[in-house]
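Remarks on the structure that follows.
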């Protein structure tokens, strides 16, 4: 909900409370400024499990397996605690009113395809760089290290 909300204490504030507020230089208002409010009907949405030795566990944490729930089951359904956490994060970001946060969370990542002819031409080069070169470097550094140790600890 968005807008101006009437105060719960409208027509309930006594004269003594009005005087107390006036003494501090604060005027009582029957209506709020522009606000945002999110109403959720189930209190279990923020329910966290608790363990005596650890305390409260994060949302989506299973106290029996000591692991976080996964996003999807084999049937494609979302687990409730993970969905609740995402919902609460989105609610907080909406209430904070920083549109940049929501834009970064909803950003789509586009994967661009590689040029297939170039991939075929340079396949062996990149395989050598990624597979054989690291192995050769480890062997070279091992050989150099052994030579340094032989000179240092020679009898």
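Every number here is computed from the coordinates shown, using simple stated rules; none is lab data. Nothing here was measured: the structure is a model prediction, and the numbers come from that model. Counting neighbours? That spans all protein chains shown, and the Cβs are built from the backbone with ideal geometry, glycine included.
In this calculation the C-beta distance from residue 118 to residue 141 is compared with R0 = 41 Å, giving a FRET efficiency of 0.80. Each of 53, 103 was scored by other Cβ atoms within 10 Å of its Cβ. Arranged with the fewest first, they read 53, 103. Taking other C-beta atoms within 10 angstrom as a stand-in for reagent exposure, 20, 33 fall in the order 33, 20, fewest first. Modelled this way, with points 7 Å down the Cα-to-C-beta line, the labels at residue 62 and residue 97 are 4.2 nm from one another. The spacing between the stretch 107-128 and the stretch 8-68, judged by their C-alpha centroids, is 52 Å.
Neighbour counting of Cβ atoms within 10 Å sorts the residues 56, 94, 153, fewest neighbours leading, into 153, 56, 94. Note on residue 90 and residue 130: the extension gain reaches 10.3 nm, defined as 0.36 nm multiplied by sequence separation minus the Cα-Cα distance.
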